[in-house]
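Trainee: Sharing a structure here in structure tokens format.
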Amino acid sequence: MALKDKLRVMVVDDLSASRALVYNCFDMMGVKNLVAAKNGADALEALQKTPVHIVISDYNMPNMDGLQLLKAIRSNPRTAKTGFILVTGSKDKAVIDKGKALGMNNYLAKPFNPRDLERCIERVVGKLD
């Protein structure tokens, strides 16, 4: 069984259109086991109930940005080893540096295409096929 058939992914973004874009990319990759959260608090609650292998999170969200979500994930023993990819349109190197310091596994700059996302994920979890 290929990794893409077993991989459990959470997509976190406050914009439904952005979540749909990421979902479409995963569909093109053949990854079907996806859950979504519209903000960091919902993501943390869902992760406590059903862990995933990797979180794909937007950086710019209200109340809890992607880096705050990452910090919360890393500080909880139950979720500390969850893969984390930050998606950002920010060109601020400090955002990426802080993400790396917090234990981010990879990041993806907006705009991106399905192949960019696939390569980014494969750097974290290995080949999907």
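Trainee: Rounded to a whole number, what % of the accessible area of the chain do carbon and sulfur atoms account for, probe 1.4 Å?
Mentor: That fraction is 52 percent.
Trainee: Residue by residue, what Karplus-based ³J(HN,Hα) values in Hz, rounded to whole numbers, does segment 113-126 have, using 6.51, -1.76 and 1.60 with θ = phi - 60° and x for Gly and Pro?
Mentor: Karplus-based 3J(HN,Hα) across segment 113-126 equals 10, x, 5, 4, 5, 4, 4, 4, 5, 5, 5, 9, 10, x Hz.
Trainee: Calculated from DSSP H runs of 4 or more alone, at -39500 (n - 2.57) each and per residue, what is the 222 nm mean residue ellipticity of the chain, nearest 500?
Mentor: One gets -13500 deg cm²/dmol as the mean residue ellipticity at 222 nm.
Trainee: At 1.4 Å probe size, with every protein chain present, just tell me what the per residue accessible area of the chain comes to in Å².
Mentor: For the chain, the solvent-accessible area averages 53 Å² per residue.
Trainee: Also, quick follow-up: To the nearest 10 square angstrom, what accessible area does Arg115 show with a 1.4 Å probe?
Mentor: 100 Å²
Trainee: Straight-line reach from Lys110: which lysines have a Cα under 16 Å away, not including same-chain ones fewer than 8 places off?
Mentor: Lys91, Lys93
Trainee: What distance in nm lies between label points placed 7 Å from Cα along the C-beta direction at Arg115 and Asp97?
Mentor: Those two pseudo-labels are separated by 3.2 nm.
Trainee: Report the calculated FRET efficiency for Tyr23 and Lys81 (r = Cβ-Cβ distance, R0 = 25 Å), to the nearest 0.05.
Mentor: Calculated transfer efficiency: 0.55.
Trainee: Once amide H atoms are built 1.01 Å from N in the peptide plane, which residues 5 or more positions from Leu108, or in another chain, come under 5 Å H to H?
Mentor: Leu86, Val87, Thr88
Trainee: Right, next: From the mean inverse distance of alpha carbon pairs (Kirkwood) and the Cα radius of gyration, derive Rg over Rh for segment 1-115.
Mentor: Result for segment 1-115 is an Rg/Rh of 0.93.
The values are calculated or read from the model by the stated rules, or taken from the named source; none is laboratory data. Please read these numbers as outputs of a predicted model, since none were measured by experiment. Heads up, the Cβs are rebuilt from the backbone with ideal geometry, glycines too, and the neighbour counts pull from every protein chain shown. SASA here: full protein model, heavy atoms, side chains in, ligands and nucleic acids out. Shrake-Rupley method; radii C 1.70, N 1.55, O 1.52, S 1.80 Å.
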